[in-house]
Amino acid sequence: MSKPNKILVLEDHPLISMVIEDVCKDMAPHAEICVATSLAQAREHLFGRPDLIIFDLTLADSKGEATIDWLESMYPSITAMIYTGFVSPEIRARAERAGYGVLDKATSQAVLAQEIEAVLVKSGIMNRVLADAPANEHQSNIAAYPGAKPLTWRQVEIMRMTAEGMSAKMVAQKIGLSPETVRGHIREIFKRLEVSNKAQAVNVFLKAERSVKHKFGDANQPQAGNQ
């Protein structure tokens, strides 16, 4: 039996680390995730070479280039993404020399999810075929209109519960994600359905779902394991 892929999240803010962990679990449920809040804790909990590292540059025991230096020396040529606050041109250049992507924490959660998906693919944890799967496999047939980007099965699941009147917190408890991650999904759903509020999203979603059911019947259900 092959060993599970490993992801190291190095972040000292509990809410941010929780969001990163939720996104990783959602996209790569088979992966093993270790969260450390400092370099010292990362040393204590090393569990072999991880396949991917997502890390902040401002930790209690390491900041800026020192964090990059430590990770580069510990894990040369590894896939890594920096998720941090303001980055100076010098630090950004240093990160690029190490081959690390840099994402500002001021970006939206939808962008964070896209960037995590990219590094999951780059690291080999998530297969490109999975990331770009056609409708009826990992993406549904439910879209705002023909040719629009369809909802994923996870987004369909969230919208079905939202249509039943469940809040983001209730949905999060139901499917085992954080409320922040569910709200990130909802923001992405708004973009895909081209709406600006929950009432519009529910209206467009229910119409699209009825249309798909009429056309495809039971095909409007995810295949096992494809959510």
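A few notes on this one:
- Relative contact order [Cα under 8 Å, 6+ residues apart], the chain, whole percent: 16
- Degrees, to the nearest 10: 14-27 long Cα axis against longest axis of the chain: 60
- Proportion of all alpha-carbon pairs of segment 6-130 beyond 19 Å (%): 42
- Look at the dipole of the chain built from charges on Cβ: of TYR100, ALA80, HIS185, the Cα furthest out on the positive end belongs to HIS185.
- With 27 Å as the limit on Cα-Cα distance, the pairs of LYS3/LYS174; LYS25/LYS122; LYS122/LYS198; LYS122/LYS207 that go past it are LYS3/LYS174; LYS122/LYS198; LYS122/LYS207.
- Per-residue [θ]222 nm for the chain (sum of -39500 (n - 2.57) over DSSP H runs n ≥ 4, rounded to 500): -15000 deg cm²/dmol
- Taking a point 7 Å from the Cα of SER38 along the Cα-to-Cβ direction, the residues of segment 50-75 with backbone N closer than 19 Å to it are 55-71.
- Rough spin-label spacing in nm, given labels placed 7 Å along Cα→Cβ, for LYS169 and SER196: 2.8
- Segment 6-130, dipole about Cα centre (Lys/Arg Cβ +1, Asp/Glu Cβ -1), debye to the nearest 20: 280
- Normalised contact order of segment 133-218, rounded percent, pairs of Cα under 8 Å and 6 or more residues apart: 29
- Sparsely packed chymotrypsin sites (Phe, Trp or Tyr not before Pro) within segment 1-81, loop by DSSP, other Cβ within 10 Å at most 13: PHE47
- Efficiency of FRET from Cβ geometry, LYS122 and LYS63, R₀ 25 Å, rounded to 0.05: 0.45
- For the chain, the spread of Cα positions along each principal axis, largest first, Å: 57, 40, 31
- Annotation for SER73 and HIS13: the two label points, set 7 Å from Cα along the Cα-Cβ direction, are 2.8 nm apart.
- Angle in degrees between helix 179-193 and the longest Cα principal axis of the chain, rounded to the nearest 10: 50
Since every read-out is calculated from the coordinates, none of them should be taken as a lab result. Remember, predicted model here, so these are calculated numbers, not experimental data. As a convention, Cβ positions derive from the backbone with ideal geometry for all residues, glycine included, and neighbour counts pool all protein chains shown.
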